[in-house]
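Engineer: I am attaching a structure below and will ask some questions about it afterwards.
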Amino acid sequence: MDRFDKCPETALDWHRAGKGAVLATVIETWGSAPRRVGSQLAISGEGEIEGSVSGGCVEGAVVVEAMDALADGKPRELEFGVSDQDAFAVGLACGGTIRVLVEPVGAVLPEDILDQLVKYRAARQPVAYVVDLDAGSRSLTLDGQDHAFRMDRSGFVPDSRTFVAIHNPPLRLIVVGAVHIAQALVPMARIAGYDPTLIDPREAFGSDSRFPGETILHDWPDEAIAQLGLDARTALVLLTHDPKLDDPALEQALRANCFYIGALGSTRTHAKRVERLTAGGFSEAEIGQIHGPIGLDIGASGPAEIAVSILAEMTRVLRKGA
């Protein structure tokens, strides 16, 4: 998904409130379609909407079809061509074509499956909604280790009419050390779709004036990380290069399942870090998860460019696994 929308949750609430609800999902695109495959729009029987399938180009037509689907209890597969003029209106250079699957909740999309999907999303459990458009079957799968999950890529199983909608938890970034690099990295990461949290027991560093509007925890890193938890959609970035702050966080992260661990410091600093962790009983494979010195080697100079290199490395690891 583009961002962690609330379409399934909203549709379930509307359905249980007796309003009726439909979920519309982009299942295929050609050309410069306004929204990516997997994007959703929830529609209530009272005409309320949440989300988007086209950035505004065809929502009105989808709502009309959704009302018809609620009335007859049948799904719809819709195809729309987005004209160049409409595409320009939503910020695109040219038009495209989208296919949208419309599913009334209850009659087509079983309430129990939607309920389970919502619960998995709340628990930050990667889950896929699978629908065989020919057979009409619908199910969920929790195999979150394959390529489609890592790439956040919904789509059809090759040579089939089986559509798989990936529902990954939102990406999180946990930054230990409210330093100048963090001041650049946090807003960049937010733009890239991460939900960032700063950890720094030094209140003069992690202040609202330096990081307006951000979530800041003034606990010791190990305590804060234990509170937040780490999972396969979390990146941990250590920016203090102070063992008293970095090492407790590292010790938790190396035996967790976060997709990225990066630690600031020179090659020499990282060698000392490796020595300490080895002495602490961590294996070579565990320590090898750390990206240190942190970031892609782009010749970065200054906090903002270092932040760019860190975000670039996080993206490479997330999408390519290395």
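Engineer: Could you check which residue among 200, 247, 134 shows the biggest mean-square fluctuation in a GNM of the chain with a 10 Å Cα cutoff?
Structural biologist: Checking each option, the largest mean-square fluctuation is seen for 134.
Engineer: Also: Any idea what diffusion coefficient segment 193-248 gets from Stokes-Einstein, in µm²/s, Kirkwood Rh on alpha carbon pairs, 25 °C, 0.890 mPa s?
Structural biologist: 204 µm²/s
Engineer: May I ask for the distance between the Cα centers of segment 245-295 and segment 162-190, given as a whole number of Å?
Structural biologist: Cα centroid of segment 245-295 versus Cα centroid of segment 162-190: 20 Å apart.
Engineer: Ok, one more. Over segment 7-167, what portion of Cα pair distances is larger than 24 Å, expressed as a whole percent?
Structural biologist: Here the long-distance tail beyond 24 Å is 32 percent of all Cα pairs in segment 7-167.
Engineer: Sort 314-322, 231-239, 258-266, 104-112 by packing, meaning the average of other beta carbons within 10 Å per residue, with the highest value first.
Structural biologist: Final packing ranking: 231-239, 258-266, 104-112, 314-322.
Engineer: Divide by every residue of the chain the summed helix terms, -39500 (n - 2.57) for each DSSP H run of at least 4, and state the resulting mean residue ellipticity at 222 nm, rounded to the nearest 500 deg cm²/dmol.
Structural biologist: That comes out to -10500 deg cm²/dmol.
Engineer: Counting pairwise Cα distances across the chain, what percent come out greater than 26 angstrom?
Structural biologist: Tail of P(r) above 26 Å: 54 percent of Cα pairs.
Engineer: In vacuo Debye scattering of segment 252-322, one point per C-alpha: log10 I(q)/I(0) at q = 0.13, 0.20, 0.28 Å⁻¹?
Structural biologist: Taking Cα atoms of segment 252-322 as identical point scatterers yields -0.39, -0.87, -1.28.
Engineer: Using packing as a proxy for protection, rank 294-305, 52-63 so that the peptide with the highest average count of other Cβ atoms within 10 Å comes first.
Structural biologist: So the order, starting with the most tightly packed, is 52-63, 294-305.
Engineer: Hey, what angle do you get for helix 59-72 against the long axis of the chain, alpha-carbon based, 0 to 90 degrees rounded to 10?
Structural biologist: With both axes taken from Cα atoms, the answer is about 60 degrees.
Engineer: Here's a follow-up. Is segment 171-320 rounded, prolate or oblate when judged by the Cα gyration tensor, a ≥ b ≥ c being the square roots of its eigenvalues, rounded requiring a/c under 1.5 and prolate requiring a/b larger than b/c?
Structural biologist: Rounded, since a/c falls under 1.5.
Quick note: the coordinates plus some simple rules give every number you see, no bench work behind them. As the structure is a computational prediction, the values presented were derived from the model and not from experiment. Glycine also receives a Cβ, built like all others from the backbone with ideal geometry; neighbour counts cover every protein chain displayed.
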